[in-house]
1. Would you mind working out the accessible area per residue for segment 94-183, using a 1.4 Å probe, and quoting it in Å²?
2. What FRET efficiency, computed as 1/(1 + (r/R0)^6) with R0 = 22 Å and r the Cβ-Cβ distance, is obtained for Gln154 and Thr189, rounded to the nearest 0.05?
3. Between His95 and Leu37, what's the calculated FRET efficiency when r is the beta-carbon distance and R0 is 41 Å? Round to 0.05.
4. With respect to the cross-link table entries Lys99/Lys124; Lys9/Lys45; Lys9/Lys124; Lys9/Lys107; Lys102/Lys186, which display a Cα-Cα separation exceeding 22 Å?
5. Roughly how many percent of the accessible protein surface of segment 70-192 is carbon and sulfur, given a 1.4 Å probe and a whole-percent answer?
6. Can you give the extra length, in nm with one decimal, that the chain gains between Glu145 and Lys45 once fully stretched, where that is 0.36 nm per residue apart less the Cα-Cα distance?
7. Sort the following peptides by mean Cβ neighbour count (other Cβ atoms within 10 Å, averaged over residues), highest first: 146-158, 101-113, 15-27, 128-140.
8. Taking the Cα centre as origin and putting +1 on Lys and Arg beta-carbons and -1 on Asp and Glu beta-carbons, what dipole magnitude results for segment 70-121, to the nearest 20 debye?
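The values are calculated or read from the model by the stated rules, or taken from the named source; none is laboratory data. Treat the numbers as computed from the prediction; the structure is a model and nothing was measured. Cβ sites come from the backbone with ideal geometry, for glycine too, and all protein chains shown count toward neighbours. Accessible surface is based on the protein model in full, side chains and every heavy atom, while ligands, DNA and RNA are left aside. Shrake-Rupley method; radii C 1.70, N 1.55, O 1.52, S 1.80 Å.
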Amino acid sequence: MEVYWEPQKAAFCGVHAVNNLIQGPLYSEWDFSQVALALTEEERKLMAAQGTDSKDYLVFMAKDSTHVDESGNFSIEVIKKAITNMNLEITSLNHPKMKKAKQEPHKEIAFICNHASHWLTIRKIAGVWYNLNSLLNNGPHTIGETYLGAFLQQLALDKYSIFVIRGRLPDPLQEKGNGMRIAVSKISTKGTKGIE
C-alpha cells in the first residue's frame with residue numbers, strides 16, 4: 001500500500017492539503033483559481049443586486065479577489081468548495097455538532113487545518129493516521145491513535161483552525177501529479193522522522 005503526499009510548492013498548500021486529503025492530484029492551482037474566480041463572480045452578482053451605485057459595490061469592485069492572493073494562498077471558501085464538490089462535509093471542530101469529534105477524534109476520517117496562510121491535512125488511511133503536512137521536510141509520518149487528540153489540541157493551542165471532514169472519501173487516484181507515492185513501509189512510525 002502507498003500514501004500519496006504532495007510536498008510544498010510555492011504557496012499552494014491549500015491545493016496540496018486537498019490533494020493529500022483525497023490521496024491524488026485531483027486539483028491543480030489552475031482549478032483552485034477557477035473556483036476562486038467563480039466565488040468572486042457570485043459575490044459580485046450579489047453585491048450588484050443591492051445596486052451598482054452603492055459604496056459597498058464600488059469598494060468591492062475596486063479590490064482584487066479575496067479568495068486568492070498574489071502568492072497563491074486560497075481562502076477557506078475555495079477549500080470548502082473544493083471539498084464539498086466531492087460530496088464531503090467540512091465543519092469546524094469548534095462547531096457544537098462536532099462535540100463527539102473533539103472527544104473521540106480517532107473515530108473520524110480526516111481533518112484539514114489552517115493557520116495564517118498554511119493548510120495541512122491529517123487523515124486516516126487503512127486504519128492508520130498520517131500527518132500529510134506539505135511542509136514536512138522528511139515527508140509524512142504516522143500519528144498514533146492515542147496521540148491524535150493531543151496532536152489536535154496542540155494545533156489548536158498554536159492557533160490552527162481545525163475542520164472535520166466527513167463523508168466517503170474517494171478512492172485514491174493513481175496519477176502522481178505534483179506529489180509522490182510512498183510505500184507505507186517507508187513511512188516512520190517514530191514521531192516526525194518521516195520517510196525512512
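1. Heavy-atom accessible area per residue stands at 53 Å².
2. The computed FRET efficiency comes out at 0.70.
3. Working from the Cβ atoms, E equals 0.90.
4. In this structure, Lys9/Lys45; Lys9/Lys124; Lys9/Lys107; Lys102/Lys186 lie more than 22 Å apart at Cα.
5. 50 percent
6. 31.4 nm
7. With the highest mean Cβ count within 10 Å placed first, the list reads 15-27, 128-140, 101-113, 146-158.
8. Dipole about the Cα centre, nearest 20: 300 debye.
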